[in-house]
Amino acid sequence: MIPPSWKNGSHGIALLGIWAILSLAGAGHAANKVPVGAPEGPLPPVNGVWQFDFGGEASPGERGFIRILPTSEYSPGKFYGYTKGKSRPRPFDQNRRVTRDNLSLDDVTRDGVYGGNTFRIDLPDGRYEIAVLTGQYSRPGANRPDSHFRTYSIRAGDTVLYERDDSPETFFHAEGRYFHNYHRDWHPDVDLYTENISRWIPFAHGVVAVTGGALTVAASHYAPINALWIFPEGSADGHAAVDAFKARQRLTFNSQYPYLPETPEHMIPKLPTDVRASGVVLYVKDSFKGLQPGARPIARDLGRPLRLFASRGEREAGVVGVLPLRDIAGPIELRAAELVGADGASIPASALDIRYVRYGEYPVTGGYVVKPHFLVPWRPDRMEKHIARWFWVDLHTPDDAKPGFYDTVLTFSASGVEAKLPVQVRVLPLNLPMSRLYAGVYAGNLDGTVFRHFRTMKKRPHDLMHKVMRTRMEFYADQGFTGLYDSLPWHPFAYRDGEVKVDEETWDLYLDVFETAKSIPNFRDRGFCYYLGGPQLFPKCPNYLSIRKADQMKLDDIRFSDAAVGEMTAMVQEFYGRIRARDLPEVTFYVFDELGNHGAKGARWGREMLKALNRCKEATPGGFRTCVSALRCSVAREYLPHADIVMPNSAYPVTPETIEELQANGCTLGLYNMGASRFSYGFYPWRVNAYTRAQWSFSYDGDSRDPYVSLPTGARYSCDSRYTPDWDVLPSIGMLRQREGVDDYRYVQLLEDRLQTAKAAGRETAPEAQHAKAVLAELRDAVDITYLAPRNNLDKSTMDYYRWRVAEAAIRLGN
C-alpha cells in the first residue's frame with residue numbers, strides 16, 4: 001500500500017526529523033556528492049531499495065544512489081541500464097547562478113535525463129512500489145522547459161506512472177500549475193520548496209507486478225526522469241528512503257532562504273481603548289512606498305479619514321494599512337458602503353475597487369525578504385500579529401458623477417474582529433483630456449511570450465490570444481496610456497524570387513493587433529511597435545545586415561548594401577500599403593533598443609540601419625517616422641543625425657545640454673526607462689516637452705517560469721503585471737504609480753488647453769488666466785530639466801499639492 005504522504009506530497013515534523021537524524025550522522029549536502037556514475041554498496045541492494053539518480057557527466061551524483069548517465073547501457077549481470085535502440089537520452093542540469101537567474105537544488109533534483117530507450121532493472125518476480133521524480137523548474141533563456149507544456153508519459157511495465165497533456169487548456173487551467181502562486185498569500189511559515197518548486201518537479205508513484213525477472217521503465221521523448229526508487233511493496237525501508245529524501249530535498253532548498261524580517265520602523269503609538277479592543281489598527285498610508293511588514297502607524301493616523309479627489313472619469317488611489325494586534329483568522333474582508341453626497345447625490349460602492357496588496361518573496365544575501373507588488377482581487381486567509389498588511393483602494397469616478405463632496409465608510413472584518421475607517425471623496429467639475437504624451441509600457445507579443453510554446457506545436461489558442469490582447473489594450477487605455485509599445489510576431493514577410501512573400505498566418509496576427517488598436521480611441525492614432533523596424537521585419541531579406549553579423553565585421557565595413565536596401569524597401573512598401581489600405585493606426589518604425597550595449601559597432605550599425613530606412617522612407621508613399629531608444633549619449637551621437645524620435649533613458653543622461661543636442665540634430669525627444677514612477681510619467685515629460693514615454697515593461701521576464709514569484713530567480717520588481725485565471729490584467733503597484741503620473745500630465749494639459757481657450761476669447765489678461773500662468777510657472781520652476789537632479793525627488797504629497805494647484809486653477813479658469 002502507498003502511504004498517504006506519497007500520494008499528496010505532504011510534509012511534516014516527522015520527515016524533518018528524518019533529515020535531522022541524517023544530518024547528525026554526517027550526511028550533509030556536500031558530503032553526499034559522489035563520483036559520476038559510481039554505484040555504491042552491493043548489488044542488488046541488501047535492503048531491496050533501489051535508488052537511481054539520473055543526470056549528465058557534468059553534474060554530481062548523490063551518495064546512496066546509483067548514478068545513471070545517458071551512456072549507462074544495460075548488460076547481463078549489471079542489473080540495470082538503458083536497453084539498445086535508436087533513441088538517445090538527453091541530460092539536463094538546471095542549477096545555475098547568473099544575474100537574476102539563480103537556482104540551486106539538491107544533487108538529485110537538479111538534473112535528470114529526457115527520453116531515451118527503455119530503462120531496465122533486473123528484479124525477482126513480485127510486486128514492487130516505484131516512485132519517479134520528474135520535471136524541470138526552469139532553464140536559461142526565454143523558453144520554458146519541455147516538461148512544462150509538452151505531452152509526455154512515464155510507464156513502468158504496463159503501469160502509467162505519470163502523464164501530462166500538452167493542451168493550452170490544461171497548461172492554463174485555473175487550478176493548475178501556471179496559476180498556483182496567483183492564489184497564494186505569503187506567510188512566515190511558508191514552505192518555499194513545496195510552493196515554488198515542487199509543482200514543476202512532481203513525484204509520481206505506482207505499484208507494478210514484475211514477471212520474467214525484469215522491470216522496464218519507458219520515458220517518452222519529452223519525459224524527464226530525475227530519480228527512481230524501486231522496492232518491494234510495503235517495504236518500510238523503501239518508504240523511509242523516499243520520505244528521507246523528500247525532507248532533504250525541501251531542506252536543501254529552504255535552508256538557502258530563511259525569512260529575514262525587517263525591524264519595525266517605530267513603536268506602535270498609544271492606542272485608544274476601542275482600537276485595542278477591536279484587535280486591529282486600520283489606518284491611512286500617505287505614500288505608495290514603504291508598504292512593508294514592519295510599517296507602523298503614527299499617532300496622527302489613528303481615526304484619520306482616507307481623502308481622495310478626482311475628476312469625472314478619473315481613477316484615483318489610496319492605501320489602507322492593517323496592523324493586526326493579534327493573529328487573525330479568516331474569512332477576512334474590506335468592503336465599502338455607498339458614497340453619499342449632498343442633495344441626494346451618490347456614487348455606488350462598486351466605484352471603489354478594493355484590492356489586497358500581495359507580498360512576494362524576494363531573494364537577498366542570506367535569505368529572503370518580502371516586497372509588495374501585485375494587487376489581487378482576492379482576500380487573505382489569515383493575518384499574523386504585528387505584520388502589517390495593505391489594501392489598495394482605487395476610486396473610479398463615474399463619468400456622470402455630480403461634482404461635490406461624498407462620504408462613505410470602509411469596514412474591515414474577520415473572525416471576531418471589526419474596524420471602520422471613514423472615506424471622504426471630492427469630485428471635481430473637470431473632465432481630463434486624452435494625453436497628448438504617447439505614454440505606455442513595453443510588452444512582448446503574446447504569440448512570443450505567454451503562448452509561444454504552443455506556437456511551435458501549431459496549437460495556438462487564437463480566441464484566447466485575441467481576448468487577452470484586447471483585455472491588455474483596454475487596460476492600457478484605462479490607465480490613460482496613449483502609447484502602444486507592444487512587440488509584434490517575428491518575420492511576417494520574406495523576400496524571395498524578386499518579390500515579397502507574406503506569411504499570412506503571421507500577418508493575421510499583425511492585423512489583429514492593429515485592428516484592435518484602431519477600435520480603442522487611445523491607440524487609433526499611431527503605435528510604436530518595439531523592434532518592428534529592425535530584427536522583426538527584415539531578417540528574411542537575403543542581403544539584410546543583422547547586428548549580430550555586424551559585430552563580426554570591421555567597423556568601417558558595416559553598411560547596408562544597395563541590394564539590402566532594395567529588399568527592405570519592398571517590404572516597407574508592402575507593410576505600409578497593407579495597413580494604410582485598411583486605414584489602420586499609423587506605425588512608427590521602432591528600430592532598436594540600447595545600441596550602447598553593443599559598443600562602437602552597435603552605434604555604427606544603428607547609424608547605417610537608420611540611413612537605410614531613410615532611403616526606404618523616400619521610396620514609400622506617405623513616408624514614415626523612425627524611433628530608437630538610447631542608453632548612452634556617447635554612442636547615440638553617431639546616429640542622431642539620421643533618427644526621427646530618440647528616446648534616452650535616465651543614464652543617458654537627460655540634461656539641458658543633451659536635450660539641446662538632440663533637438664539640434666532634428667530629433668524629437670522621447671523618454672524610456674526613467675523608472676516606474678509617477679514623476680517620470682507626469683510632471684517631468686511635461687517639463688521637457690517629451691513626445692513619448694515608455695518603460696520596461698508589462699512583463700519584463702516574459703513567461704519562461706512561474707509568473708507570480710520572484711524566488712529563486714530574483715525577477716524585477718518594476719511595473720510588471722500579469723493575468724488572473726479569468727485573463728483579466730493583474731496590475732502591479734508600479735503600473736498604477738505610472739498611471740498617477742499620466743493623470744498629472746493630463747491635469748496640466750487641461751489647464752494649458754483652457755489657457756489657450758481664454759486667449760482665443762480675448763481673456764488672456766483676466767485674473768483667472770494670470771493665476772493659471774503663475775501656477776504653471778511655479779510648477780515649471782519646481783521641476784529640474786536635469787532628470788537626476790536631487791530636487792526632482794518629489795514625494796507623493798508634493799505631487800498631490802501641485803496637482804491640486806493645477807486643478808484649482810483649471811476650475812477657476814473654466815468658471
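Restricting segment 58-70 to residues that are assigned to a loop (DSSP other than H, G, I, E, B) and at pLDDT below 95 leaves a set whose member that is least open to solvent (accessible area, probe 1.4 Å) is SER59. Against the test of being at pLDDT below 95 and out of contact with any Gly (no Cβ under 6 Å at 6 or more places or on another chain), the options ASP728, ASP720 yield a single qualifying residue, ASP720. Within the group GLY212, GLY294, GLY290, which residue is assigned to a loop (DSSP other than H, G, I, E, B) and open to solvent by 50 Å² or more (accessible area, probe 1.4 Å)? Testing whether each residue is assigned to a loop (DSSP other than H, G, I, E, B) and open to solvent by 50 Å² or more (accessible area, probe 1.4 Å) leaves just GLY212. Looking across segment 575-618, the residues that are under 19 Å from CYS529 (Cα atoms), in a helix (DSSP H, G or I) and among the charged types (D, E, K, R) come down to ARG578, ARG580, LYS617. Within segment 427-462, being surrounded by fewer than 18 Cβ atoms within 10 Å (Cβ to Cβ) and modelled with pLDDT of 95 or more holds for PRO429, ASN431, PRO433, MET434, ARG436. Candidates in segment 486-496 are the residues that are at pLDDT 95 or above and either part of a loop (DSSP other than H, G, I, E, B) or of a type outside the set (Lys, Arg) (or both); of these, the one that is farthest from LEU509 (Cα to Cα) is TYR495.
For segment 258-273, the condition holds for no residue, the condition being that it is within 27 Å of LEU794 (Cβ to Cβ), open to solvent by less than 70 Å² (accessible area, probe 1.4 Å) and not in a loop (DSSP other than H, G, I, E, B). Can you run down the residue pairs with Cβ atoms below 6 Å, 6 or more apart or on separate chains, where the first is in segment 392-409 and under 19 Å from PRO429 (Cβ atoms) and among the charged types (D, E, K, R) and the partner is open to solvent by less than 10 Å² (accessible area, probe 1.4 Å) and modelled with pLDDT under 95? Qualifying pairs under 6 Å: none.
Take the conditions (1) surrounded by 22 or more Cβ atoms within 10 Å (Cβ to Cβ); (2) out of contact with any Gly (no Cβ under 9 Å at 6 or more places or on another chain); ASP744 misses just one of them, which is (2). Just to be sure before I move on: is ALA241 crowded, with 16+ Cβ neighbours inside 10 Å, assigned to a helix (DSSP H, G or I) and at pLDDT 95 or above in the structure I sent? Criteria met by ALA241. Checked across segment 475-483, the condition of being at pLDDT 95 or above, open to solvent by 20 Å² or more (accessible area, probe 1.4 Å) and in contact with a helix residue (DSSP H, G or I) (Cβ under 8 Å, 6 or more places away or on another chain) holds for at least one residue. Scoring TYR639 on the criteria (1) closer than 26 Å to GLU515 by Cβ; (2) crowded, with 18+ Cβ neighbours inside 10 Å; (3) touching a residue at least 40 places away in the same chain (Cβ under 8 Å) leaves a single failure, condition (1). Residues of segment 297-329 that are surrounded by fewer than 21 Cβ atoms within 10 Å (Cβ to Cβ) and part of a loop (DSSP other than H, G, I, E, B): ILE298, LEU302, GLY303, ARG304, PRO305, GLY313, LEU325, ARG326, ASP327.
Keeping to segment 730-749, report how many residues are part of a loop (DSSP other than H, G, I, E, B) and closer than 19 Å to TRP804 by Cα. So the answer is 0.
Each residue in segment 768-815 was checked for being open to solvent by 50 Å² or more (accessible area, probe 1.4 Å) and outside any helix (DSSP H, G or I), and 4 pass. Just to be sure before I move on: is ILE130 crowded, with 17+ Cβ neighbours inside 10 Å, touching a Gly at 6+ places or on another chain (Cβ under 6 Å) and in a loop (DSSP other than H, G, I, E, B) in the structure I sent? Considered against the rule, which asks whether it is crowded, with 17+ Cβ neighbours inside 10 Å, touching a Gly at 6+ places or on another chain (Cβ under 6 Å) and in a loop (DSSP other than H, G, I, E, B), ILE130 comes out as no. Is there a residue being over 28 Å from LEU631 (Cβ atoms), crowded, with 22+ Cβ neighbours inside 10 Å, out of contact with any Phe, Trp or Tyr (no Cβ under 7 Å at 6 or more places or on another chain) and among the hydrophobic types (A, V, I, L, M, F, W, C) anywhere in segment 517-528? No: zero hits. Here is a check on your reading of the model: is SER138 touching a residue at least 24 places away in the same chain (Cβ under 8 Å), in a loop (DSSP other than H, G, I, E, B) and surrounded by fewer than 22 Cβ atoms within 10 Å (Cβ to Cβ)? When the stated conditions are applied, SER138 passes them. Candidates in segment 467-509 are the residues that are within 23 Å of the chain's Cα centre (by Cα) and hydroxyl-bearing (Ser, Thr, Tyr); of these, the one that is nearest to CYS541 (Cα to Cα) is SER487.
If you go through segment 99-117 and pick out every residue that is in a strand (DSSP E or B) and hydroxyl-bearing (Ser, Thr, Tyr), you end up with 1. Of all residues in segment 619-648, those that are in a loop (DSSP other than H, G, I, E, B), within 21 Å of ARG693 (Cα to Cα) and not small (Gly, Ala, Ser) total 7. In the condition set (1) modelled with pLDDT under 95; (2) open to solvent by 20 Å² or more (accessible area, probe 1.4 Å); (3) within 19 Å of SER697 (Cα to Cα); (4) hydrophobic (A, V, I, L, M, F, W, C), ILE547 is compliant with all but (3).
Annotation note: Cβ proximity below 6 Å between a residue of segment 287-304 that is in contact (Cβ under 8 Å) with a residue 12 or more places away in the chain and a residue that is among the aromatic types (Phe, Trp, Tyr) and open to solvent by less than 10 Å² (accessible area, probe 1.4 Å) (sequence gap 6+ or interchain) occurs for LEU291/TRP390; PRO297/TYR283; ASP301/TYR283. When the criteria are applied in full, ARG120 fails the requirement of being without any contact (Cβ under 8 Å) to a residue 12 or more places away in the chain and either in a loop (DSSP other than H, G, I, E, B) or out of contact with any Asp or Glu (no Cβ under 7 Å at 6 or more places or on another chain) (or both). Within segment 207-242, the set of residues being in contact with a His (Cβ under 9 Å, 6 or more places away or on another chain) and over 30 Å from ASP166 (Cα atoms) comprises PHE231 only. Going residue by residue through segment 406-413, is there one that turns out to be of a type in the set (Gly, Ala, Ser), within 29 Å of SER721 (Cα to Cα), open to solvent by less than 30 Å² (accessible area, probe 1.4 Å) and modelled with pLDDT of 95 or more? Yes: one or more hits.
For segment 332-368, taking the residues that are surrounded by fewer than 18 Cβ atoms within 10 Å (Cβ to Cβ) and of a type in the set (D, E, K, R), the one that is nearest to the chain's Cα centre (by Cα) is identified as ASP353.
Looking across segment 142-162, the residues that are within 16 Å of THR118 (Cα to Cα), open to solvent by 20 Å² or more (accessible area, probe 1.4 Å) and outside any loop (DSSP other than H, G, I, E, B) come down to SER153, ARG155, THR159, VAL160, TYR162.
The values are calculated or read from the model by the stated rules, or taken from the named source; none is laboratory data. Because the structure is predicted, anything quoted here is derived from the model rather than measured. With ideal geometry, Cβ positions are generated from the backbone for all residues, glycine too; neighbour counts draw on all protein chains shown. Heavy atoms of the whole protein, side chains included, go into the accessibility calculation; ligands, DNA and RNA do not. Shrake-Rupley method; radii C 1.70, N 1.55, O 1.52, S 1.80 Å.
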